[in-house]
Amino acid sequence: MIPFSKPDINKQDLKRVENTIKSGWLAHGENSTKLENLFLNFTKSKFCTTVSNCTTGIHAVCMAIGLNSDHEVIVPAQTHVATAHAAAITGAKIKFADVNDLTGNIMLSEIKKLTTKKTKCIIVVHMAGYSCEMGKIVKFCKKNNIFLIEDCAHGLGTMYKKKHVGNFGIAGIFSFYPTKQITTGEGGVVITNNRNLINKVKIIKSIGLNTPPEKRKIQGLYDVTDLGLNYRLTDFQAALAIGQMIRYNKNLKKRRENAKYYIEKIKKIKELKIQNFDKKHSYFILQVFFKSKKVRNKILLKFKEQGIGCSIHYATPVPLMSYYKKKYRLNKKNFVNSVKYGENSISLPTHPFIKKKMINTILKVIEKNL
Ligand SMILES: Cc1ncc(COP(=O)(O)O)c(C=O)c1O
């Protein structure tokens, strides 16, 4: 058995969770603050707040920038549906941009085609942990007065020109889902360099209350200043992530080593395609491309038979999923690269528990079945 993902959780992490639960202080606690500080230190961002997951974090940011049904939002066609849904729930219209066929990332050329006077926001996704072309995209957004949100669900550890992703627009949102680089089961954080934005997100994630319990002068007394929902992370979940975050540099180093080893070998197999190694990539996963969907699917079956964990990110582009396809009458002709990416790729495991021997086994199965 080779697992697709395996959380890096040790005895100390479990003890921290146990102590938090035993303390009786289960929400709004100091572990969230500690985790936020670790994130600030790692990403060099100015502000951070924990959220119940990345989807709710994106939604809270969309609410905070005032997104509504008068607006349009551009998102990549190749992403998790959460990227689009989190914006669509505000009533805004979603416009899907085709992606680069190798990186899976949104392209400025497509963004330009979709931009109108109603475009309020662009949400980029650093697919698999490979940074989008932030230089060009930031410049375009500034020039056109468009908010830029970074969906960093795959991007913990991803750098673009010496700056951690999540720092290029109004906010970056990370996911702590179990397959992600660090996990709290469900969970996430929002980072930003904008004080106004973080204050708004903190209120939105706490049902619109103006003061959290620890800041109330009189217990039980607070006002409600905004519309909001409950998007908070529990404090025992935050406790689980602290050790993982402290150790994250080691985790990232191992992911990059694994990716480098895979890539050197895959480059020698002429039937396969893969991106060059990039030491700024988080290597959340590693995308390998096959000649056809038929070959790709055959390998997926062989992996299943042999207990090799893998996945597809993402088999169906979001605009071709029934909800959006029907809503906007979309056609696959407009998403050629996204379709190809979803049909021909497999996401291989890169996590720190993957050994060279396992990589060799995975590659042997691939080569035998090409
Ligand atoms: C690109 C992307 N965005 C958003 C999400 C949603 O994250 P969460 O499950 O934390 O809500 C995911 C989840 O895997 C994702 O891959």
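The values are calculated or read from the model by the stated rules, or taken from the named source; none is laboratory data. On a predicted model such as this, the values are computed, not experimentally measured, just so you know. Cβ atoms come from the backbone with ideal geometry, glycine included; neighbour counts cover every protein chain shown.
A few points about this structure:
- In segment 284-332, the qualifying residues are those that are assigned to a helix (DSSP H, G or I) and among the polar types (S, T, N, Q), and the one that is surrounded by the fewest Cβ atoms within 10 Å (Cβ to Cβ) is SER322.
- Restricting attention to segment 54-68, the residues that are in a loop (DSSP other than H, G, I, E, B) and either in contact with an Asp or Glu (Cβ under 6 Å, 6 or more places away or on another chain) or within 16 Å of the ligand (Cβ to nearest atom) (or both) total 0.
- For beta carbons closer than 8 Å, sequence separation of 6+ or different chains, a first residue in segment 202-225 that is in a helix (DSSP H, G or I) and a second that is modelled with pLDDT under 95 and among the β-branched types (Val, Ile, Thr), the qualifying pairs are ILE203/THR225.
- Of the set (1) touching a His at 6+ places or on another chain (Cβ under 7 Å); (2) free of Cβ contacts under 8 Å to residues at least 60 places away in the same chain; (3) within 21 Å of ASN53 (Cα to Cα), all apply to GLY155 but (2).
- Residues that are within 12 Å of the ligand (Cβ to nearest atom), β-branched (Val, Ile, Thr) and within 19 Å of VAL124 (Cβ to Cβ), drawn from segment 180-194: VAL189, VAL190
- Test: residue in segment 259-272 that is away from the ligand (no atom under 16 Å from the Cβ), aliphatic (A, V, I, L, M) and more than 30 Å from GLU133 (Cα to Cα): no
- Residue tally, condition under 19 Å from TYR130 (Cα atoms) and more than 14 Å from the ligand (Cβ to nearest atom), over segment 75-108: 7
- Options LEU252, LEU233: the member that is part of a helix (DSSP H, G or I) and crowded, with 17+ Cβ neighbours inside 10 Å: LEU252
- Residue list for segment 121-134, filter: on the phi < 0 side of the Ramachandran plot and either among the aliphatic types (A, V, I, L, M) or within 9 Å of the ligand (Cβ to nearest atom) (or both): ILE122, ILE123, VAL124, VAL125, HIS126, MET127, MET134
- So ILE137, is it among the hydrophobic types (A, V, I, L, M, F, W, C), within 16 Å of the ligand (Cβ to nearest atom) and modelled with pLDDT of 95 or more: no
- Test: residue in segment 32-41 that is touching a residue at least 40 places away in the same chain (Cβ under 8 Å), assigned to a loop (DSSP other than H, G, I, E, B) and either surrounded by fewer than 21 Cβ atoms within 10 Å (Cβ to Cβ) or in the same structural domain as GLY157 (by TED's automatic domain parsing) (or both): no
- Of all residues in segment 144-179, those being surrounded by fewer than 24 Cβ atoms within 10 Å (Cβ to Cβ), within 12 Å of the ligand (Cβ to nearest atom) and of a type outside the set (Phe, Trp, Tyr) number 2.
- Residue in segment 46-53 that is more than 16 Å from the ligand (Cβ to nearest atom) and on the phi < 0 side of the Ramachandran plot present: yes
- Taking the conditions (1) surrounded by fewer than 17 Cβ atoms within 10 Å (Cβ to Cβ); (2) touching a residue at least 24 places away in the same chain (Cβ under 8 Å); (3) within 21 Å of LYS355 (Cα to Cα) in turn, LYS267 satisfies each one other than (2).
- Residues that are touching a Gly at 6+ places or on another chain (Cβ under 8 Å), buried (at least 22 other Cβ atoms within 10 Å of the Cβ), assigned by TED's automatic domain parsing to the domain that holds THR158 and within 19 Å of SER52 (Cα to Cα) do not occur anywhere in segment 207-219.
- Boolean, GLY185 is assigned by TED's automatic domain parsing to the domain that holds GLY29 and in contact with a strand residue (DSSP E or B) (Cβ under 8 Å, 6 or more places away or on another chain): no
So that you can scan it fast, the table gives a plain yes or no per residue for (1) basic (Lys, Arg); (2) modelled with pLDDT of 95 or more; (3) more than 29 Å from LYS280 (Cα to Cα):
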{"residue": "GLU72", "(1), (2), (3)": "no, yes, yes"}
{"residue": "VAL81", "(1), (2), (3)": "no, yes, no"}
{"residue": "ILE94", "(1), (2), (3)": "no, yes, yes"}
{"residue": "ILE106", "(1), (2), (3)": "no, yes, no"}
{"residue": "LYS112", "(1), (2), (3)": "yes, yes, no"}
{"residue": "LYS117", "(1), (2), (3)": "yes, yes, yes"}
{"residue": "LYS120", "(1), (2), (3)": "yes, yes, yes"}
{"residue": "MET127", "(1), (2), (3)": "no, yes, no"}
{"residue": "ILE146", "(1), (2), (3)": "no, yes, no"}
